[in-house]
Amino acid sequence: MAAMTEANNIHAVTEGPEGDDAKCSFHHRMFLEPQEKKSNMKALLVKRAKKTCSCTPAKIKDCFLGFFPILQWLPKYKFKEYLLGDVMSGVIVGVLLVPQSIAYSLLAGLEPIYGLYTSFFSCIIYCIFGTSRHISVSIFGVVCLMVGQVVDREVERAGFELEPAVLSALPAPGGDSNDTGSANGTVPAPLCDRSCYAMAVAATMTFISGVYQVAMGFFQVGFVSVYLSDSLLSGFVTGASITVLTSQVKYLLGLDLPRSGGVGSLITTWIDIFRNIHRTNVCDLITSFLCFLVLVPAKELNERFKSKLKAPVPVELFVVVAATLASHFGKLRETYGSSVSGHIPTGFLPPRPPDWSLIPSVALDAIPIAIIGFAITVSLSEMFAKKHGYTVRANQEMYAIGFCNIIPSFFHCFTTSAALAKTLVKESTGCRTQMSGLVTSLVILLVLLVIAPLFYSLQKCVLAVITIVSLRGALRKFRDLPKMWHLSRVDTVIWGVTMAATALISTEIGLLVGVCFAMLCVIFRTQRPEAPLLGWVAESETYESLSAYKNLQTKPGVVVFRFEAPLYYINKECFKSTLYKQTGVNPAWVKAAEKKAAKRALREQETGCGDSPGSVPTGLGSEPVGFHTIVVDCCAVQFLDTAGVRALKEVCRDYGDIGVRVLLAQCSPSVRSSLLRGEFFKEGEEHLLFHSVHQAVDFALGAQGHGASKN
């Protein structure tokens with residue numbers, strides 16, 4: 001107990017009048033009494049269990065309203081204030097979402113109608129469960145790409161052809177998804193063709209992804225998203241966007257090529273494209289070029305004048321309508337062999353459950369899809385909540401995005417998440433609540449019930465152009481690289497590694513590589529942290545880095561050292577070596593030099609060659625140290641482990657052996673607690689902790705002056 005009391009004595013210097021050569025050395029002890037921690041773990045657990053398991057009407061009501069946020073904001077909806085903005089944003093997003101839903105269905109390896117289903121259900125379900133007022137949950141290009149890779153793999157395993165020239169009509173409802181065809185790879189009976197089986201794979205993976213996301217919300221593991229930094233997510237999205245662009249090039253050229261999957265699919269796809277480029281469909285190529293000429297300038301004008309426009313011009317819809325009419329009346333499919341979307345039926349298919357037999361095949365693939373989906377959704381919801389001054393609940397957001405996948409998986413839908421581009425459009429057009437999502441669903445419902453069959457003649461190359469143009473934001477990150485490098489070189493390297501791994505290897509492996517590399521960067525930065533010597537700012541109590549600022553002063557005989565990282569087993573040797581290097585004194589070398597000098601002096605005395613036991617070469621004398629105290633500024637040391645405490649003990653002991661005192665300043669409560677538990681202080685020892693570097697330096701000067709006056 002005496003050692004514990006001594007360890008908790010935090011000393012402070014009381015300043016007096018300063019002289020030319022010395023300061024007042026008077027100091028007093030400031031006693032900080034630690035809070036008593038409750039050690040009755042059983043009582044604590046019982047108390048928490050009672051609180052968790054208690055069931056009161058008020059608690060049931062709060063839980064119910066918290067699980068269904070729509071019941072909280074809908075009764076308070078201000079029709080006069082909110083309705084116009086919500087209707088306008090809902091209609092505009094719906095108009096933009098129709099062509100993108102059709103285009104992204106092809107990216108997922110599915111028929112266009114499934115993209116419309118997905119957008120319809122996801123908007124309604126997020127409106128019920130979501131806590132963000134602004135984000136748009138629908139199809140997202142990167143997630144569609146990841147779904148498409150799994151779908152193509154499973155379809156190929158089942159023996160179906162990967163890319164039929166023209167997609168057939170939808171299967172009759174109630175078909176058996178386990179009928180995978182004969183062993184020679186021919187398409188089976190119409191009860192379940194390629195389209196039916198591909199949808200079964202996508203729906204099953206969507207269901208599993210939703211289960212993972214709901215489980216994350218239930219177990220409150222939202223902390224996983226902290227490992228996905230902004231630079232990592234940006235690099236991943238950019239790398240995936242390059243893969244998406246590559247997958248759409250064959251549609252631009254009208255080439256009928258199977259999609260490459262697995263590791264290195266990007267390179268394989270480009271090789272296949274150049275090998276078959278002589279088979280380019282001129283009609284599709286010209287159509288793609290004309291669509292680019294219209295879409296790219298229109299998008300740039302939309303962004304340039306977005307502050308003056310009440311709503312962005314839905315140029316994608318105009319392009320789709322014009323291209324469909326041109327393809328239909330020009331008979332481009334019959335005359336030039338152009339690839340078209342095919343039959344898109346009206347209405348809804350009867351619901352059917354996922355194919356449970358496919359769960360073992362897709363369960364592992366669903367993990368990165370679930371993580372990316374919830375990470376993007378939570379990050380976007382928090383970003384817009386901060387911008388508009390309200391709060392969102394991360395765990396409820398995970399529930400919301402999970403149910404946006406679980407429930408639609410029974411209605412022929414694939415995986416969804418929040419989408420940045422559509423969220424920005426939604427916010428900029430006056431959205432106030434998720435009522436705009438219901439309006440968007442009504443727009444898509446109108447297309448599903450009436451307009452869908454009119455898209456039969458729409459060329460796939462037009463959808464590919466829409467997909468590529470929507471990737472402009474992610475691809476523009478290359479233009480921001482110089483600025484990113486200037487701000488943080490580490491973040492830029494993380495971005496580059498993640499982007500390259502995602503594009504060149506695969507999306508799943510790229511995400512894993514990015515996370516691992518980011519964690520290694522954190523470890524490396526703590527392994528080799530900044531550790532400068534500090535100087536005194538005149539007429540103040542502030543100490544700053546001598547290497548960073550000019551006109552700083554040093555106190556005679558006192559060295560101030562700051563270690564800007566946690567002190568633990570990885571960097572303990574770096575701490576010691578950097579301290580020795582910065583102070584210019586390694587205690588082991590000093591002691592070795594003293595022993596060598598003493599032996600030589602003894603040898604000279606024995607031989608009678610010298611009569612001065614202290615006559616040693618320069619640098620090996622008995623007083624090689626130019627200071628008497630080292631003050632270690634611990635303000636940036638977040639924690640210590642046992643190796644860190646041991647390193648501090650060794651430093652204090654080694655410097656103490658050569659007459660140098662080591663003082664610690666600005667230790668956080670957790671660091672003090674670690675020092676106490678590690679028995680850094682011994683009973684009766686006057687090692688001191690100080691609240692500030694200034695106090696520690698004044699104490700060192702006062703103690704040295706007091707000792708000199710005694711002598």
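Values as computed for the structure displayed
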item: Pairwise FRET efficiency - W589 versus D230, Cβ, R0 = 51 Å, nearest 0.05; result: 0.65
item: Computed log₁₀ I(q)/I(0) - Debye formula, equal Cα scatterers, no solvent, region 475-617, q 0.15, 0.16, 0.17, 0.22 Å⁻¹; result: -0.95, -0.99, -1.03, -1.22
item: Region 467-544-region 235-303 distance, computed between alpha-carbon centres (Å); result: 30 Å
item: Global geometry of region 324-427, whether rounded, prolate or oblate, following the gyration tensor of its Cα atoms and the 1.5 cut on a/c; result: oblate
item: Around A665: net Lys/Arg minus Asp/Glu count, Cβ-Cβ under 12 Å; result: -1
item: Other-chain or far-sequence residues with amide H under 5 Å of G254's (modelled H); result: N281
item: Rounded percent of accessible protein surface that carbon and sulfur make up, region 281-407, 1.4 Å probe; result: 68 percent
item: Test item: Cα-centred dipole of region 500-562, Lys/Arg +1 and Asp/Glu -1 on Cβ, debye; result: 180 debye
item: Two-site label geometry, S307 and K386: point separation in nm, points 7 Å out along Cα→Cβ; result: 2.3 nm
item: FRET efficiency for E541 and I267, using Cβ-Cβ distance with R0 set to 56 Å, rounded to 0.05; result: 0.40
item: Cα-based shape type of region 254-387, given that a ≥ b ≥ c are square roots of the gyration tensor eigenvalues and the cut on a/c is 1.5; result: oblate
item: For region 418-574, accessible area per residue (1.4 Å probe, heavy atoms of protein chains only), Å²; result: 47 Å²
item: Per-peptide average of other Cβ atoms within 10 Å, ordering 54-64, 575-585 highest first; result: 575-585, 54-64
item: Length released on extending from L74 to L475, taking residue separation times 0.36 nm less the Cα-Cα span; result: 140.5 nm
item: Share of carbon and sulfur in the accessible heavy-atom surface of region 51-162 [1.4 Å probe, %]; result: 69 percent
item: Amide hydrogen neighbours beyond the local backbone of V560, cut-off 5 Å, H modeled; result: L534, V631
item: With every protein chain in place, region 494-555: carbon and sulfur % of accessible area (1.4 Å); result: 61 percent
item: Total charge dipole magnitude, region 450-556, about the Cα centre, Cβ charges on Lys, Arg, Asp, Glu only, Debye to nearest 20; result: 460 debye
item: Per-peptide average of other Cβ atoms within 10 Å, ordering 491-498, 125-132, 76-83 highest first; result: 125-132, 491-498, 76-83
item: Probe 1.4 Å, accessible area per residue of region 211-350, Å²; result: 53 Å²
item: Extension gain from E573 to L293, taking 0.36 nm per residue of separation minus the Cα-Cα distance; result: 94.7 nm
item: Extension gain, L442 back to A643 (0.36 nm per residue minus Cα-Cα distance, nm); result: 66.1 nm
item: Accessible area of region 101-145 divided out per residue, in Å², using a probe of 1.4 angstrom; result: 11 Å²
item: Other-chain or far-sequence residues with amide H under 5 Å of V340's (modelled H); result: K460
item: Karplus (6.51, -1.76, 1.60) ³J(HN,Hα), θ = phi - 60°, over region 139-148, in Hz, Gly and Pro reported as x; result: 6, 9, x, 5, 5, 4, 4, 5, 5, x
item: In nm, spacing of pseudo-spin labels at V522 and L487 (7 Å Cα→C-beta vector); result: 2.0 nm
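The values are calculated or read from the model by the stated rules, or taken from the named source; none is laboratory data. Remember, predicted model here, so these are calculated numbers, not experimental data. A quick note on method: Cβ atoms are made from the backbone with ideal geometry, for glycine too, and the neighbour counts reach across all protein chains shown. The protein model used for the area step is the full one, side chains on, heavy atoms only, and it has no ligands, DNA or RNA in it. Shrake-Rupley method; radii C 1.70, N 1.55, O 1.52, S 1.80 Å.
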